[in-house]
1. For the range 274-366, give the magnitude of the charge dipole about the Cα centre (Cβ charges: +1 Lys/Arg, -1 Asp/Glu; no others), in debye to the nearest 20.
2. Rg to Rh ratio, the range 205-281, alpha-carbon atoms and Kirkwood radius?
3. Whose amide H sits under 5 Å from the amide H of Arg230, counting only residues 5 or more places off or on another chain, with H placed in the peptide plane?
4. What do you get for trypsin sites (Lys or Arg not before Pro) in the range 63-124 restricted to DSSP loop and a cutoff of at most 11 other Cβ within 10 Å of the site's Cβ?
5. Just to be sure I understand the model, the point goes 7 Å from the Cα along the line to the Cβ. What's the resulting Ala266 to Glu285 distance in nm?
6. Counting pairs of alpha carbon atoms under 8 Å apart in space and at least six apart in sequence, what relative contact order in percent does the chain give?
7. Given points 7 Å out from each Cα along the Cα-Cβ axis, report the Gln49 to Ala348 separation in nanometres with one decimal.
8. Show the residues, 5+ positions off or on another chain, whose built amide H is closer than 5 Å to the amide H of Glu83.
Amino acid sequence: EKNGYDHFMLKEIHEQPEALKKTLAGRVDQATKRVQFEELQWSLERVEQWDKITIIACGTAYHAGLIGKHVIEELTRTPVDVEVASEFRYRRPIIDEKTLVIVISQSGETADTLAALRQSQHLGANVLAITNVVGSSIAREADEVILTMAGPEIAVASTKAYTTQVLVFYLLGIYLADLKQKITKDYRIQLLEAVLDIPNKMEELLEYSEALQRYSESIKDASSVFFIGRSLDHAVVLEGSLKLKEISYIHSEAYAAGELKHGTLALIEEGTPIIALITQKEVNEKMLGNIKEVKARGGHVLGVSMKENMEMLEYVDEGCYIPDSLSLVTPLLTVIPLQLISYYTSLALGNDVDKPRNLAKSVTVE
Ligand code: F6R
């Protein structure tokens, strides 16, 4: 059932292009170049009832939500909050009938996310669920459901569920922006083409994992690994760092690169591995400054950037390229090397990759 792969995680990493294609199927009208969600059928009137969006989830799904916030705010100019479910439910959240709540849960059974869904409905909000499991508690109780078509995810460390969730946010962002007439037709087409092209670019990326395997061997004895990025790259490094901690058990932190000097820089020493995402061109110069900061303290930097941005890789110790793409959609590409690094590091350490210690696939306790 592992289809020739050594672990479910590696199999699932490689299934991502297909999972994305399945999640896209039927959701893009080729003739009109529009996003269509049979399951939503929202009118402009309906959408305009909501003056803000609150996204609620846990763990990796929360990280997908952070990308969702960036995309929806960028494309629709609607304010979006993202909250961890276990925090949301124990305070007095400001939610009412004018809020669209989006809960994200691969399993559809996470206790805290389910409780947040119920609380939101109780406060009068409409709840849309993004989930991978038909008939799960969250799918049954939500007002509307968008299914990710990732197929069963067995490895505890989530990979294809995350990328399909992020994909749904691109589609949803484009769908809402179109309804509200916030983007031009040309931009909409450009965005859709970039999204439709992702599965092929992922395939391309997945072919080159040897260098990442070597890199993973080199960090396996590190006491700490740092991930840095700005803007969308920051959301992606949070996921990369979680993945590494989860299965390699190496301590790791993900930082908005501009925050380093407010504390974390004190932890960088000779040889500390730093993984820097550098795909958002408008902050290239700023990232460069941050890379210099860590290098000046002896940090060893792996830079991940697009081919068209490769001059940035002159300043790092090692480089990893992703195919050129619209900067808004790069998270679906940069996360691939980060998933592979965590996989190969865990493997090099002889850990149980698919079943890391202390963790369960579905967290049905509070
Ligand atoms: C990490 C991971 C977890 C889950 C979290 C939420 O790899 O898988 O952080 O993302 O437990 O689970 P779901 O999405 O099932 O609600």
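1. Details: 9 positive and 12 negative charges, 55 e Å.
Approximately 260 debye in magnitude.
2. Values: Rg = 12.6 Å, Rh = 13.1 Å.
In the range 205-281, Rg relative to Rh is 0.96.
3. Amide H neighbours of Arg230: Ala257.
4. Numbers: sites: Lys69, Arg77, Arg89, Arg91, Lys98, Arg118; in loops: Arg77, Arg89, Arg91, Lys98.
Taking the range 63-124 and a limit of 11 other Cβ atoms within 10 Å, the loop trypsin sites (Lys or Arg not before Pro) found are Arg77, Arg91.
5. So the label points at Ala266 and Glu285 sit 3.1 nm apart.
6. Working: 703 pairs, mean separation 69.0, N = 366.
Relative contact order here is 19 percent.
7. With each label point 7 Å from Cα toward Cβ, the separation is 5.4 nm.
8. Correct list: Ile55, Ile56, Ala57.
Bear in mind these aren't lab numbers, they're just calculated from the coordinates by the rules spelled out. Everything numeric in this text was worked out from a predicted model, so none of it was measured. Methodologically, a virtual Cβ is constructed for each residue, glycine included, from the backbone with ideal geometry; neighbour enumeration extends over all protein chains shown.
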